[in-house]
1. Counting other beta carbons within 10 Å of each residue's own, what order do S290, S371, S297 fall into, fewest first?
2. What is the helix-to-structure angle for 10-20, meaning the angle in degrees between its Cα long axis and the longest Cα principal axis of the chain, kept from 0 to 90 and rounded to the nearest 10?
3. Among K223/K374; K261/K312; K223/K260; K36/K187; K42/K187, which pairs are too far apart, with a Cα-Cα distance over 24 Å?
4. Mean 1/r over all different Cα pairs, inverted: what Kirkwood radius does region 136-197 give, in Å?
5. Do any trypsin sites (Lys or Arg not before Pro) in region 177-261 lie in a DSSP loop with no more than 15 other beta carbon atoms within 10 Å, and if so, which?
6. Specify, per residue and in Å³, the volume enclosed by the convex hull of the alpha carbon atoms belonging to region 1-90.
7. To the nearest 10 degrees, how steep is helix 285-300 against the longest Cα principal axis of the chain, on a 0 to 90 scale?
8. So, counting K/R as plus one and D/E as minus one, what does the shell of residues with Cβ under 10 Å around P357 add up to?
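What follows draws every value from the coordinates through simple rules; no lab data is involved. As the structure is a prediction and not an experimental result, all values here were calculated from the model. Here the Cβ is made from the backbone with ideal geometry for all residues, glycine too, and neighbour counts use every protein chain on show.
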Amino acid sequence: MKAAILGFGTVGVGVYEMLQKCEGLEPGPVLVRAGKVNADYKTDDLDQILSDPSVHIVAEVMGGTEPAFTYVSAALRAGKHVVTSNKALVAAHGLELNALAREHGVAFLFSAACGGAIPFLHNLALAAQTDKILSVGGILNGTTNFMLDAMQTDGCDYGEILAEAQRLGYAEADPSADVSGLDALRKIMLACAVAWGVLPSEGLNHEGIDSLTAADVAHFKEKGLVCRLLAHASLDECGRLSAFVQPVLLPQTAQEAAVKKNFNLAKYHGENAGDILLSGQGAGRYPTASAVLRDMSAISLGHRNMFPAGLKADAVHNELAKCRYYIRLPREAAGAFTFESQEEDGGLVRGVTAPMPVSRMHALASELRASECKLFFAAMEESK
Ligand code: HSE
């Protein structure tokens, strides 16, 4: 099977190199930007790729929603199987792309878009057919895990370690998606869609690590706590969904605390299976390219869909999920919260709240930041 590649950045180069060495698969033309065609195998003409009957699969690894959405839609309409690593695309346009792929009888697979090299979405899609999935989540961003691990273990500076994550090809083109938690949010949206057939459309919350300081990390260390950025989604007894991303403070013995470098820990809980945990490299050229090629191999085995046929969009209800929160903020803003325990640290208060709704905490943080208040917050242990 011949696979064309749209995009020749970190992942695209990895896919091209792997395809050259892979039995049963071969690289087709590579779409690059106009003015960047500097080799025979590169083209800036999508129609040339889509009209080529020898191209069976189109791998979209450009990132971003446009022109990726236009190109992937055209590829599906042209009867090409599509694999993508682009979580922004699938989170924004999953419904339309799922419908288009089914209409044209071609595959639409995106396991590289969630968990890097980890075969998470394939596994979850299979489990969801025969077991009731009660929760999904875990560490789903390699860049921030790499940063948190280095800050905790080696006392690294935030800016320097972010630059290192970019240099190693872990971060997005715009790394604010990583450090703000948006990248992990897109991934948990995909997991919700695979597990429950619901692509969350409203009510989501995400908080990243962009307000974290070296002093915060030193403070956690003193208390024997480790900070990780966790995604979480679950169903309550009435079938209502909550889904959010936020930093979480964990005891050193927690499984997530042992996840190092650019690794992810993707997990789900099935009513019958219980806890399933999958770990591997969550970011980087070859780990991500390996997942793109695995999807191609799944196509050759007849696999076509990760999303269920009746995929729909719906709101989530984060007012139903509650966490205790650790909050660091200036003393004059501390009255916005009722703390069960607190300590003063210079002009700062570091306090822990009683359990409060996730949506309330995220809304209060936005309100305070709108009035220039600098704060960091993290849930204590994992949200239930
Ligand atoms: N920037 C992403 C991450 C790449 O760090 O997890 C893999 O999706």
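1. S371, S297, S290
2. Long axis of 10-20 versus the principal axis of the chain: about 40 degrees.
3. Beyond 24 Å between Cα atoms: K261/K312; K36/K187; K42/K187.
4. Over region 136-197, the inverse of the mean reciprocal pair distance is 12.3 Å.
5. Qualifying residues, ordered by number: K223, R240, K260.
6. So the per-residue Cα hull volume is 90 Å³.
7. Once rounded, one gets 50 degrees.
8. Neighbourhood net charge equals +1.
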